[in-house]
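Enquirer: Let me begin by handing over the structure; questions about it come next.
We did not get these values from a lab; they are worked out from the coordinates using the rules stated. Because the structure is a prediction, the values reported are computed rather than measured. Heads up, the Cβs are rebuilt from the backbone with ideal geometry, glycines too, and the neighbour counts pull from every protein chain shown.
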Amino acid sequence: MRNVYGTVIRQFDRAADRMGLDPSIRKILSVPMNEVVINFPVKMDDGRIEMFAGYRVQHNDALGPFKGGLRFHPAVEINEVRALATWMTWKSAIVDIPFGGAKGGIQCDPSLYSESEMQRITRRFAFSLGANIGPEYDIPAPDVNTNAQTMAWILDTYLSTLPPGDRHRALHVVTGKPVEAGGSIGRDKATGQGVVYCIERWAQDRSFDLSNATYFVQGFGNVGSWTARLLKPYGSKLVAVEDHTGAIANPAGIDPDELSVHVAQHGGVAGFSGTEAIDHEAFLRTQADIFVPAALENQLTAETTPWLDVKVKVIAEGANGPTDLDGDAILDEKGIDLLPDILCNAGGVVVSYFEWLQNKRSEFWDLDEVDGKLRRRIMGGYDRVRAAADEFDVDWRTAAYIVALARLERLYKRRGIFP
């Protein structure tokens with residue numbers, strides 16, 4: 001597996017060099033502030049004890065409390081978590097919300113465990129984190145293989161460690177909760193909604209008609225499925241999808257709502273009626289206007305990026321780090337526009353911020369308010385990145401980094417360094 005954290009540092013260095021980032025601030029931002037590694041035991045349904053490795057990396061909190069998701073996946077390891085935590089810092093800065101960056105997870109395959117075992121694994125991890133999370137300090141959220149139920153277990157575990165009189169003041173220790181437990185309407189679709197708002201803004205810039213567009217999506221979990229479903233009302237046509245069960249295609253169109261039902265029933269896109277099974281290379285060679293990689297890191301590389309068809313006009317990165325440095329260079333050569341992950345998939349952290357605010361204020365916003373505020377944040381981030389790309393004559397990923405680093409640089413220069 002490629003070292004995705006190495007990619008993050010090289011991207012950071014490129015932007016810092018181009019903008020002339022203050023050397024002292026560059027040193028601060030180049031490393032995480034805190035790293036927590038926990039090895040903890042959990043009793044299985046049959047009475048066995050298994051050990052699990054859990055991580056929480058807190059990259060930077062200059063702008064506000066640490067914020068970032070928890071993923072449960074066999075590939076979770078410290079360098080991946082470092083990369084994801086760093087990206088979270090940049091995302092919050094780009095869309096102008098008062099959060100820092102963090103990320104965490106457990107190295108495990110949830111499909112191998114029962115629901116009761118996953119509950120015990122989650123609760124023991126939350127308990128072991130202890131004071132390393134908190135509603136005004138570090139606020140976890142869902143990520144790969146975690147969801148609202150996972151957050152409800154963490155919330156309940158954390159609250160049980162507090163004195164009774166403090167519990168209702170700490171509901172915002174996690175976001176992405178079930179609505180019944182203090183979650184926000186619109187949080188489930190937030191990341192996909194942000195991707196679609198980015199695509200809409202790009203289409204306005206390019207005078208591109210989304211009503212005649214075609215698109216294909218890699219990954220059909222929360223982000224990929226919501227992106228596909230939310231593009232449907234624009235009149236855009238989904239023509240191919242890939243996930244861990246395989247890839248399917250139908251040039252005449254795939255209904256994303258019907259596919260979502262199929263995935264919920266069968267665990268993946270494979271076997272969906274009216275589609276043809278294709279291999280990975282054929283999937284990436286799909287003839288379509290828009291490609292949304294919404295799976296895992298390092299999907300577009302020196303080997304795979306050349307497969308993209310000349311018809312592809314834009315890559316909208318729904319996943320974190322789906323394109324490596326070689327892939328970036330090939331996209332530039334091909335003239336394919338890029339909506340980088342730290343802008344394009346920031347919708348999740350934006351609506352997490354809205355949920356956090358609602359909990360702190362004992363408020364509950366309706367969907368129109370959530371979507372309207374999200375739209376303004378994403379559009380504002382898009383415009384800032386576009387302006388930086390023009391000012392510094394750089395690609396959009398480097399421009400997005402410059403926007404984030406410039407905001408943090410201004411803050412550190414105002415605050416100074418203690419002592």
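Enquirer: Only loop residues by DSSP count here, and only those with at most 15 other Cβ atoms within 10 Å; note down the GluC sites (Glu not before Pro) in the range 95-171 that meet that.
Expert: 136
Enquirer: Between residue 207 and residue 279, what length comes free when the chain is fully extended (0.36 nm per residue of separation minus the Cα-Cα distance, one decimal in nm)?
Expert: 22.6 nm
Enquirer: Okay, moving on. Can you list the HN-Hα couplings for the range 327-339, worked out from phi with the Karplus curve (6.51, -1.76, 1.60; θ = phi - 60°), rounded to whole Hz and with x for Gly and Pro?
Expert: x, 4, 5, 5, 4, 5, 4, 6, x, 8, 5, 10, 9
Enquirer: Hey, got the dipole for the range 271-418? About the Cα centre, +1 on K and R Cβ, -1 on D and E Cβ, debye to the nearest 20?
Expert: Approximately 1060 debye in magnitude.
Enquirer: I would also like to ask the following. Which far-off residues, 5 or more places away or on another chain, put their amide H under 5 Å from the one on residue 278, with H placed in the peptide plane?
Expert: Long-range HN contacts for residue 278: 247, 248, 249.
Enquirer: What is the dipole size for the chain, taken about its Cα centre, with +1 at each Lys and Arg Cβ and -1 at each Asp and Glu Cβ, in debye to the nearest 20?
Expert: That gives the chain a dipole magnitude of about 1480 debye.
Enquirer: What whole-number volume per residue, in cubic angstrom, does the convex hull of the C-alpha atoms of the range 190-344 give?
Expert: Dividing the Cα hull volume of the range 190-344 by its residues yields 95 Å³.
Enquirer: Going highest first, how would you order 389-399, 139-149, 157-167 by mean Cβ packing within 10 Å?
Expert: Going by the mean number of other Cβ atoms within 10 Å, highest first, we get 139-149, 389-399, 157-167.
Enquirer: Now for a different question. Given the options 337, 326, 61, which has the most mean-square fluctuation in a GNM of the chain, springs set between C-alpha atoms less than 10 angstrom apart?
Expert: Of 337, 326, 61, the Gaussian network model singles out 326 as fluctuating most.
Enquirer: Hey, another quick one. Could you list 307, 226, 365 so that the one with the fewest beta carbons within 10 Å of its beta carbon is first and the one with the most is last?
Expert: 307, 365, 226
Enquirer: Here's a follow-up. Kindly write out, for the range 237-248 in residue order, the coupling ³J(HN,Hα) from the Karplus curve 6.51 cos²θ - 1.76 cosθ + 1.60 (θ = phi - 60°), rounded to whole Hz, with x marking Gly and Pro.
Expert: So the Karplus estimates, Gly and Pro as x, are 10, 7, 10, 7, 9, 9, 9, 5, 8, x, 10, 10 Hz.
Enquirer: What does the extension gain come out to for residue 79 and residue 363, with contour length at 0.36 nm per residue minus their alpha carbon separation?
Expert: 98.5 nm
Enquirer: Relative contact order for the range 33-172: what is it in percent, counting Cα pairs under 8 Å that are at least 6 residues apart?
Expert: About 26 percent, as a whole number.
Enquirer: Please turn the phi angles of the range 361-367 into ³J(HN,Hα) values with the Karplus equation 6.51 cos²θ - 1.76 cosθ + 1.60 (θ = phi - 60°), one per residue in order, whole Hz, x for glycine and proline.
Expert: 9, 6, 10, 9, 8, 7, 5
Enquirer: Here's a follow-up. Using the alpha carbon gyration tensor of the range 298-360, what are the three equivalent-ellipsoid semi-axes (square root of 5 times each eigenvalue), largest first, in whole Å?
Expert: Result for the range 298-360: semi-axes of 31, 11, 8 Å.
Enquirer: For the range 190-344, how many pairs of lysine residues have a Cα-Cα distance under 18 Å, where the two are 8 or more positions apart or belong to different chains?
Expert: Count of close lysine pairs: 4.
Enquirer: Can you list residues whose amide H is under 5 Å from residue 108's amide H, if they're 5+ apart or on another chain and H is modeled 1.01 Å from N?
Expert: 73, 76
Enquirer: Further question: Below 8 Å, C-alpha to C-alpha, sequence gap of six or more: please give me the relative contact order for the chain in percent.
Expert: Here the relative contact order equals 17 percent.
Enquirer: Here's something else I'd like to know. Can you give the extra length, in nm with one decimal, that the chain gains between residue 45 and residue 257 once fully stretched, where that is 0.36 nm per residue apart less the Cα-Cα distance?
Expert: 72.7 nm
Enquirer: Now for a separate question. Between residue 264 and residue 35, what is the FRET efficiency for a Förster distance of 41 Å, r being their Cβ-Cβ separation, to the nearest 0.05?
Expert: 0.65
Enquirer: Go through 43/67; 27/67; 189/360; 67/413 and tell me which ones have a Cα-Cα distance over 28 Å in this structure.
Expert: Table pairs above 28 Å Cα-Cα are 43/67.
Enquirer: So, one more: Can you grab the distance from the C-alpha centre of the range 29-103 to the C-alpha centre of the range 372-395, Å, no decimals?
Expert: Spelled out, the Cα-based centre of one part sits 27 Å from the other.
Enquirer: Here's a follow-up. Tell me what the chain gives for mean residue ellipticity at 222 nm when only DSSP H runs of n ≥ 4 count, each as -39,500 (n - 2.57), the sum divided by the residue total, rounded to 500 deg cm²/dmol.
Expert: Result for the chain: -14000 deg cm²/dmol, rounded to the nearest 500.
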